[in-house]
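Take a look at the structure below.
The values are calculated or read from the model by the stated rules, or taken from the named source; none is laboratory data. In this text the structure is predicted, and so the values were computed from the model without any measurement. Note: ideal-geometry Cβ built from the backbone for every residue, glycine included; neighbour counts use all protein chains shown.
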Amino acid sequence: MIAATLAADGLDVIVVEASEYFNESDFSNLDLDAYAKMYWRGGSNPTADGNVSIMAGTTLGGGTTINWMNCLRTRDGVRAEWANAGLEGVDGPDYDAHLDAVLERISANDACSDLNGPHQRMKEGTEKLGWSFKTIVRNTDRETYSPDNAGYVGFGDRSGSKQSGTKTYLADAAAKGARFLVRTRVAKVLTDGGAASGIEATQIHPDGTTTAVTIRAPRVVVACGSLESPALLLRSGIGGAAVGENLHLHPCARRSSASTPRTSVPGGARRRRRSATSSPTPATATATSSSPASTRPP
Ligand SMILES: Cc1cc2nc3c(=O)[nH]c(=O)nc-3n(C[C@H](O)[C@H](O)[C@H](O)COP(=O)(O)OP(=O)(O)OC[C@H]3O[C@@H](n4cnc5c(N)ncnc54)[C@H](O)[C@@H]3O)c2cc1C
């Protein structure tokens, strides 16, 4: 969504993704294959003590390629909690307008949420008990939705009806000229004179060889999920405040910084029109290695 917004605003955008572009022809509906290809580190990511496990997608489009598509509006209690933690603009009407806009773009509707046997029994139970029951809203294209495929959407949606990131915001970004580098894992956010100035990454080619990639850019958006955004900042040795306003953080990354950085989202960022000074230099290959490497992020 950030890439689409910035590209629509005339900025020269490069999206860098550690994983691959997957579409309907890649979805085998097999769990092992899907976990290996499209889940971060192949599935669950447990804490050291094993008490908490987090799953995340790794595809161009992130988790939206393999998630279950439930589109829940953020509850008031959660929004209040975020506001108390210092996030601005999440507890007022503007936030509702943003939610509405996103839900519309990803075609969220409740017409394609079939109840299976257990759901149906639960519905009957809630009715008997006088409890509330709502059908979930999901980001599915009504025209192409196929109930036959509904049980497999966690492995990618073969029907193509799932309105994932690649079908919505990343398609919008591409239509506005954004470029995409896949199989390219960012190792570090570069800084120059206290401001973010680009990234260093490694691209892994299908034959296993690698290319070192450096992108110089006047602005960097870190949006690699709640597990990896903080990790990338730590790897980059970024304390936050020193980077200034050129670095825009995934909200989850905020607390990992040694001091609180100035965080912002594109709508609130100072916008620059595409120009010689604001366009990032195209990705430059700075070194090539012939060592084979796994295409799955470590
Ligand atoms: C199985 C499953 C089911 C889910 N079901 C739902 C649901 O029904 N409803 C719902 O609202 N949410 C659901 N979610 C959660 C939802 O998908 C995520 O909250 C959402 O995708 C997070 O978006 P994100 O952009 O923050 O990060 P992610 O979607 O995690 O994307 C981060 C991307 O960054 C890439 N990346 C990481 N590190 C680097 C690096 N160093 N360099 C380059 N790229 C990097 C990753 O490969 C990944 O593609 C589900 C998640 C999973 C795993």
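Picking from residues in the range 197-232 that are among the small types (Gly, Ala, Ser) and surrounded by 17 or more Cβ atoms within 10 Å (Cβ to Cβ), the one that is nearest to the ligand (Cβ to nearest atom) is Gly225. The set of residues from the range 140-155 being more than 12 Å from Ala111 (Cβ to Cβ) and either of a type in the set (D, E, K, R) or touching a strand residue (DSSP E or B) at 6+ places or on another chain (Cβ under 8 Å) (or both) comprises Asp148, Val153. Checking the structure you have, find out if any residue of the range 72-79 is crowded, with 21+ Cβ neighbours inside 10 Å, in contact with a helix residue (DSSP H, G or I) (Cβ under 6 Å, 6 or more places away or on another chain) and over 25 Å from Arg219 (Cα atoms). Scanning the range 72-79 turns up no residue that is crowded, with 21+ Cβ neighbours inside 10 Å, in contact with a helix residue (DSSP H, G or I) (Cβ under 6 Å, 6 or more places away or on another chain) and over 25 Å from Arg219 (Cα atoms). Restricting Lys188, Lys162 to those that are within 30 Å of Ser236 (Cα to Cα) and within 12 Å of the ligand (Cβ to nearest atom) reduces the list to Lys188.
All of (1) more than 10 Å from the ligand (Cβ to nearest atom); (2) under 30 Å from Val189 (Cβ atoms); (3) touching a Lys or Arg at 6+ places or on another chain (Cβ under 7 Å) hold for Ala18 with one exception: (1). Just one of the numbered conditions (1) within 16 Å of the ligand (Cβ to nearest atom); (2) at pLDDT below 95 is not true of Met69: (2).
Of the helices (runs of 4 or more DSSP H) contained entirely in the range 64-139, those carrying at least 1 residues that are outside the structural domain of Ala150 (by TED's automatic domain parsing) fall at 76-84, 93-105. Gly62 fulfils the conditions (1) loosely packed, with under 15 Cβ neighbours inside 10 Å; (2) at pLDDT 95 or above except for a single criterion, (1).
Looking only at the range 21-54, filter to residues that are closer than 22 Å to Cys224 by Cβ and of a type in the set (Ser, Thr, Tyr); which one of those is nearest to the ligand (Cβ to nearest atom)?
In the first step, residues of the range 21-54 are kept if they are closer than 22 Å to Cys224 by Cβ; the result is 21-23, 26, 34-48, 52-54.
Imposing the further condition that a residue be of a type in the set (Ser, Thr, Tyr) reduces the set to 21, 35, 39, 44, 47, 53.
Details: Tyr21: 11, Tyr35: 10, Tyr39: 7, Ser44: 10, Thr47: 16, Ser53: 11 Å.
Out of the qualifying residues, it is Tyr39.
Free of Cβ contacts under 8 Å to residues at least 40 places away in the same chain and within 25 Å of the chain's Cα centre (by Cα): is that true of Asp110 in this structure? In short, yes.
Quick test for you: out of Ala36, Ala3, pick the one residue that is aliphatic (A, V, I, L, M), out of contact with any Leu (no Cβ under 9 Å at 6 or more places or on another chain) and either surrounded by 18 or more Cβ atoms within 10 Å (Cβ to Cβ) or assigned to a helix (DSSP H, G or I) (or both). Quick ask: steps written out before the conclusion?
Working: Ala3 fails: out of contact with any Leu (no Cβ under 9 Å at 6 or more places or on another chain).
Exactly one residue qualifies, and that residue is Ala36.
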